[in-house]
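S.K.: Before I ask anything, let me first share the structure, which is written out below as structure tokens.
Readers should treat all values here as calculations from the given coordinates under stated rules, not as data from a laboratory. Predicted model, so just to flag it, every value in this text is computed and none were measured. Glycine also receives a Cβ, built like all others from the backbone with ideal geometry; neighbour counts cover every protein chain displayed.
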Amino acid sequence: MRKFWALYAGAALSVVGAVMVTQAQFPAYSIEALPGIDVLSYGVDLSVPVPSADPQTGLSPIRVHAQIRLRITEPKQEIVLHADSTTLRELLIRVEQVETTPYWESVDLLHIPLPVAAEAGSEIFLSMDYLVSEIEDGSIATAENLPVFARKWLPSHDHASDPAPFEIHIEVPNGWSTSGPGHLLNEQGTVIPSDLERKIFHWKTSQDIPPHLAHVSAIAPVVAPPVETPPEAPANISADLPVTPPAAAPAEILEAPAPAVMPVEVPIESSDPEADEAVPAPAPQS
């Protein structure tokens, strides 16, 4: 299987292939829309690490920087977003550049206190830095695209009723390819000046989409296993072997006399009955 890393905004991380999950597997998840907010845009920067050779630690966690701009539709002292507390860690959130201390009400509802109470109609800018924990060895991290599960990797209003535009930058090692929502704005990727071994690919949607449709992936190049070449045979095998001349014919065969020609009686037809006797053939002339 070709190795790849992917986060589809809508499911649990897994390790190999695409593991389908259902709402029944996450009974604690909230599936209701969040009141009082309208997301205006998502901006996400993801840094995909190089696979680790250490089977104990696997990959380093995926590093994410997310920016969310939203409009408040009713007075609020705090904002609530969908975010899974089991896969997001070391979460640092700033509200309008002011650091705040978030807390989880349940496994997937993240409360973000506001430094100043927000009135209806005001806009709030959130900046987040966090790590997405790998599952098992993390050598292939994937997530399925199911409705309500974007929260496994992205704090968001994870509901189909609140679409918004997405702009995503994916940083990967050289040689990797990526996919994302919308259009790829730099087909060859942009080399990072401080690290020439890595590139950034820029994806952007041209229309609003709900979070569960915003998918990203990074695919490692396929490296074919080395093919063992059999040793070459010597260019001239006969040159290394002794040459045996053919045996000569016996002398008695070469000096044997030619066989003598024996007389043969040939019957001769004649109208004379008395002449129908066999007439000996003449002897050959010497």
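S.K.: Could you work out how far the C-alpha centroid of region 166-181 sits from that of region 95-117, in angstrom?
M.R.: With region 166-181 and region 95-117 each reduced to a Cα centre, they are spaced 29 Å.
S.K.: May I ask you to sort 151, 89, 63 by Cβ crowding, counting other Cβ atoms within 10 Å and putting the fewest first?
M.R.: 89, 63, 151
S.K.: Kindly identify region 84-134 as rounded, prolate or oblate by the Cα gyration tensor criterion: order the square roots of the eigenvalues as a ≥ b ≥ c, call it rounded if a/c is under 1.5, otherwise compare a/b with b/c, prolate if a/b is larger, else oblate.
M.R.: It is prolate, given that a/c is not under 1.5 and a/b is the larger ratio.
S.K.: Continuing with the same structure: Run the quick spin-label model on residue 33 and residue 99: label points 7 Å from Cα toward the beta carbon, then report their separation in nm to one decimal.
M.R.: Label-label distance for residue 33 and residue 99, simple model: 3.6 nm.
S.K.: Could I ask something else about it? Using a cut-off of 15 Å between beta-carbons, work out the net charge of the residues near residue 32 (Lys and Arg +1, Asp and Glu -1, residue 32 not included).
M.R.: Result for the local shell: -3.
S.K.: Please arrange 205, 190 by how many other C-beta atoms lie within 10 Å of their C-beta, fewest to most.
M.R.: Listing 205, 190 from fewest to most nearby Cβ atoms yields 190, 205.
S.K.: Based on the Cβ-Cβ distance of residue 122 and residue 179, what FRET efficiency does E = 1/(1 + (r/R0)^6) give at R0 = 41 Å, to the nearest 0.05?
M.R.: Approximately 0.70, to the nearest 0.05.
S.K.: Pulled fully out, how much extra length does the chain show between residue 86 and residue 187, if you take 0.36 nm times their separation in residues and subtract their Cα-Cα distance?
M.R.: Extending this stretch completely gives an extra 32.9 nm.
S.K.: Just add up the charged neighbours of residue 115: K/R +1, D/E -1, any other residue whose Cβ is under 11 Å from the Cβ of residue 115.
M.R.: -2
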